[in-house]
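The values are calculated or read from the model by the stated rules, or taken from the named source; none is laboratory data. Quick caveat: nothing in here was measured; it's all calculated off a predicted structure. Note: ideal-geometry Cβ built from the backbone for every residue, glycine included; neighbour counts use all protein chains shown. Please note that ligands, DNA and RNA were not included when accessible areas were found on the heavy atoms of the full protein model with its side chains. Shrake-Rupley method; radii C 1.70, N 1.55, O 1.52, S 1.80 Å.
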Amino acid sequence: MSSVLSTDYMRRALSLAKLALGYAKPYPAVGAIVVKNNVVVGMGHTQLAGSEHAEVMAISQAGDMARGAILHTVWEPACYYRNGPPCTQVIIDAGITEVHVAALNPDPLVSGRGIVELERAGIKTYVGEYQKEACEINEAYIKLITTGLPFVTVNFVMSLDGKIATRGRQSLWPSGEKAREILYDLWHAVDVIIVGSKTVVADGLYAKTRSCRGRGGAEKKQPLCLIVDSKGKISSKSRVFEKSGDMSLAVMRYALNDEKKREFSKKGVEVLEIQEEGGHLDLRELLLELGRRKISTVLVKGGGNLFGALFDCGLVDKIVVSILPVIVGGNRARTAVGGEGARLLSEVTRLTDVQVKEIDGNIMTSGYVEKRDVYRDS
């Protein structure tokens, strides 16, 4: 097969993998294509947890045509039992003769062993085609499996002068349906949305993500909403809990008394109790706790104090910002990022892989915090 055709098939496998984002948890988002005589005979992508893996789905669709065919997969196939036989064994049993893998799996249970198993069975393997793109799709999975921490994205909407709300506490919001749709898609793909208590008091609960049908027509569960509440500002009687609908919520306070815990419990709210560090809640410990629960993607929606604390602690991986063509002004208007901030220019947070787009008159900007590149390029 020519390299041009091979590249085209891997691109299609990557497109399939993107369909699994938001559904694959706690597994990587994978796309796979089975090709025979330059014809695609099977396609698959990661299904809801506990269902078929991408390679298994593609091979099942190919049926007898899989024998003697070539498999293109975004991720190294698993070589251990997990809700069924290892993908490597399914590939071997199907009679696949050649496998192209975009990226190796950093899971210690796999990490190159999948490739070794395939080669021992006489299957030709090729690794590294579109590796960067595959790692970007699974950047959250990579970070969680290698550090125990979820991937943290900070998202806010601000004016040209860096304000996220007016002095009357009215929050800024993108104008135009396309710009709003980008934010809905961003929210839809994450496991947890974190907000600070001041933001909840001022703005109430953020709108739920758009309904999106998942595998087999199932609707994806709404992200968990976690309220960072170190000073006990949120009451169990707050309207945020009354309007939550089917969205799960959690409040985090340290040393909450038993009576208040019971009050939250009656509302279906779990209380996480996190120790303090330097007079503030230990945000790293919070993220480690989320990681222990296999939560891989976190979106932080505000406010400025929470953003600042996360940047000060070096816990942010990615930034997605919508800049509106307006000037808010005023010392009392809320700024985007609070906290201690940088003392010197050499200490500022720098971004890489920055993308800038103009959508509906808004400037949509995204980038990765420089020191976090290791998680995407592993």
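Structural remarks
- When the criteria are applied in full, Val101 meets the requirement of being outside any loop (DSSP other than H, G, I, E, B), under 19 Å from Ala58 (Cα atoms) and either open to solvent by less than 10 Å² (accessible area, probe 1.4 Å) or of a type in the set (Gly, Ala, Ser) (or both).
- Test result for Gly314, open to solvent by less than 30 Å² (accessible area, probe 1.4 Å) and either outside any loop (DSSP other than H, G, I, E, B) or among the acidic types (Asp, Glu) (or both): no
- Ser244 vs. criteria small (Gly, Ala, Ser) and either under 25 Å from the mean Cα position of the chain (by Cα) or at pLDDT 80 or above (or both): yes
- Of the criteria (1) open to solvent by less than 20 Å² (accessible area, probe 1.4 Å); (2) assigned to a helix (DSSP H, G or I), which one Val56 fails: (1)
Residue-by-condition table, conditions (1) closer than 17 Å to Gly341 by Cβ; (2) in a helix (DSSP H, G or I):
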| site | (1), (2) |
| --- | --- |
| Leu290 | no, yes |
| Lys294 | no, no |
| Val298 | no, no |
| Ile319 | yes, no |
| Pro325 | no, no |
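- Enumeration of residues in the range 112-148 that are open to solvent by 70 Å² or more (accessible area, probe 1.4 Å) and either assigned to a loop (DSSP other than H, G, I, E, B) or of a type in the set (A, V, I, L, M, F, W, C) (or both): Val127
- Number of positions in the range 158-196 that are among the aliphatic types (A, V, I, L, M), under 18 Å from Ala336 (Cα atoms) and either assigned to a helix (DSSP H, G or I) or in contact with a Pro (Cβ under 9 Å, 6 or more places away or on another chain) (or both): 3
- Complete set of residues in the range 90-115 that are over 27 Å from the mean Cα position of the chain (by Cα) and in contact (Cβ under 8 Å) with a residue 24 or more places away in the chain: Val90, Ile91, Ile92, Ala94, Gly95, Ile96, Thr97, Glu98, Val99
- Yes/no for Thr349 being among the β-branched types (Val, Ile, Thr), surrounded by fewer than 18 Cβ atoms within 10 Å (Cβ to Cβ), on the phi < 0 side of the Ramachandran plot and not in a strand (DSSP E or B): yes
- Which listed residue is at pLDDT 95 or above and either over 30 Å from Leu299 (Cβ atoms) or surrounded by fewer than 24 Cβ atoms within 10 Å (Cβ to Cβ) (or both), from Leu19, Leu14, Leu48: Leu14
- Look at (1) touching a helix residue (DSSP H, G or I) at 6+ places or on another chain (Cβ under 6 Å); (2) crowded, with 19+ Cβ neighbours inside 10 Å; (3) closer than 20 Å to Met158 by Cβ and you find that Leu306 fails only one, number (1).
- Reported count of residues in the range 67-98, each being of a type in the set (Phe, Trp, Tyr) and buried (at least 24 other Cβ atoms within 10 Å of the Cβ), is 1.
- Scope the range 269-287; condition in contact with a Lys or Arg (Cβ under 9 Å, 6 or more places away or on another chain) and either modelled with pLDDT under 85 or not β-branched (Val, Ile, Thr) (or both); matching residues: Leu272, Glu273, Glu277, Leu281
- Test result for Ser230, surrounded by 14 or more Cβ atoms within 10 Å (Cβ to Cβ), modelled with pLDDT of 70 or more and over 19 Å from Val152 (Cα atoms): yes
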